[in-house]
Amino acid sequence: MMTDTPHEAARLAALKRYDILDSPQDGSLNRLTALAAKMFNMPIAIISMVDEDRIWFKSLHGLDAEQIDRGGGLCDSAILSEDVYIVEDARQDPRTLTNPLVVGEMGLRFYAASPLTTHDGHNLGTFCLIDQKPRYLNQAQQLMLQDLAGIAMDEIELRLAARSAVAASTRRVAELEQELEQARKQA
């Protein structure tokens, strides 16, 4: 479902700004996906980032993969929504009848995702739950999934703010060193 729209270009630029793709696993995000799997009694929980041609997994519980092609991933559709995106039974849902994750070896049946939305409104990826049997989420569970996505995005925002603060501090130290050197030369 990749599109070459100005919105998609801005979304991809925002994703690059966070410098999260292909970064190491993260303990706090891994704890969130493990917690989500337990809370919802789901075998798989993932924090994904939707890149230009792939869906990369920043954190995952219950799955042994680093990424999938974007075209086959449900996260590609989920980032277009502001609400929780739910497929209760993928074998019965017209949106997923031919999806390789549904008809292939994985046998995906249930998928629910809340978008990871930046402070400036870009959906970078999803916090998603997956099962190989049909499921549903009630309203309270959907709100919990949205909260987990919000916590994950807060963690991602904090990491960006920390990198920005370190960069600003490094620049300021360099400026002060230059000023000190100039003052020494004038003395």
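Treating r as the C-beta distance of residue 31 and residue 138 and R0 as 22 Å, the FRET efficiency rounds to 0.35.
Between the alpha-carbon centres of segment 68-118 and segment 1-64 there is a gap of 14 Å. For segment 98-151, what class follows from the C-alpha gyration tensor (a ≥ b ≥ c being the square roots of its eigenvalues): rounded when a/c is under 1.5, otherwise prolate if a/b is larger than b/c, else oblate? Oblate. Taking a straight line from the alpha carbon of residue 38, these lysines sit under 20 Å away, with near neighbours fewer than eight places off in the same chain left out: 58, 133. Specify the residue with the greatest mean-square fluctuation among 50, 87, 103, computed from a Gaussian network of the chain linking alpha-carbon atoms under 10 Å apart. Among 50, 87, 103, the largest mean-square fluctuation in the Gaussian network model of the chain belongs to 103. Taking all protein chains together, 16, 38 sort by accessible area into 38, 16, largest first [probe 1.4 Å]. Only protein heavy atoms count here; on that basis, with a 1.4 Å probe, residue 82 has an accessible area of about 120 Å². Residue ranking by accessible heavy-atom surface, 1.4 Å probe, largest first, among 7, 122, 61 comes out as 7, 61, 122. Which shape class applies to segment 78-119: rounded if a/c is under 1.5, otherwise prolate when a/b exceeds b/c and oblate if not, where a ≥ b ≥ c are the square roots of the Cα gyration tensor eigenvalues? It is prolate, given that a/c is not under 1.5 and a/b is the larger ratio. Computed over all pairs of different Cα atoms, the Kirkwood value for the hydrodynamic radius of segment 16-66 is 11.4 Å. Ligands, DNA and RNA aside, residue 130 has an accessible area near 10 Å² when probed at 1.4 Å. Computed from the Kirkwood radius of its Cα pairs, the Stokes-Einstein diffusion coefficient for segment 1-86 at 4 °C and 1.567 mPa s stands at 94 µm²/s. Under a 10 Å cutoff between Cα atoms, tell me which one of 37, 65, 152 has the largest fluctuation in the Gaussian network model of the chain. Of 37, 65, 152, the most mobile in the Gaussian network model is 65.
Summary value for the chain: 19 percent relative contact order, contacts being C-alpha pairs under 8 angstrom separated by 6+ residues. Hydrodynamic analysis of the chain uses the Kirkwood radius over alpha carbon pairs. Inserted into Stokes-Einstein at 20 °C and 1.002 mPa s, it gives a translational diffusion coefficient of 120 µm²/s.
Annotation: extensible slack from residue 83 through residue 164 equals 26.2 nm (criterion: 0.36 nm per residue apart, minus Cα-Cα distance). Using a Förster radius of 35 Å, what is the FRET efficiency between residue 175 and residue 52 based on their Cβ-Cβ separation? Nearest 0.05, please. The computed FRET efficiency comes out at 0.45. Show log10 I(q)/I(0) for segment 92-187 at q = 0.13, 0.16 Å⁻¹, two decimals, from a solvent-free Debye sum over equal Cα scatterers. Log10 I(q)/I(0), no solvent term: -0.66, -0.83.
The values are calculated or read from the model by the stated rules, or taken from the named source; none is laboratory data. Just so it is clear, the structure is predicted and the values come from calculations on it, not from any experiment. For neighbour counting, all protein chains shown are included, and Cβ atoms are generated from backbone atoms with ideal geometry for every residue, glycine included. Only protein heavy atoms, including side chains, enter the accessible area calculation; ligands, DNA and RNA are left aside. Shrake-Rupley method; radii C 1.70, N 1.55, O 1.52, S 1.80 Å.
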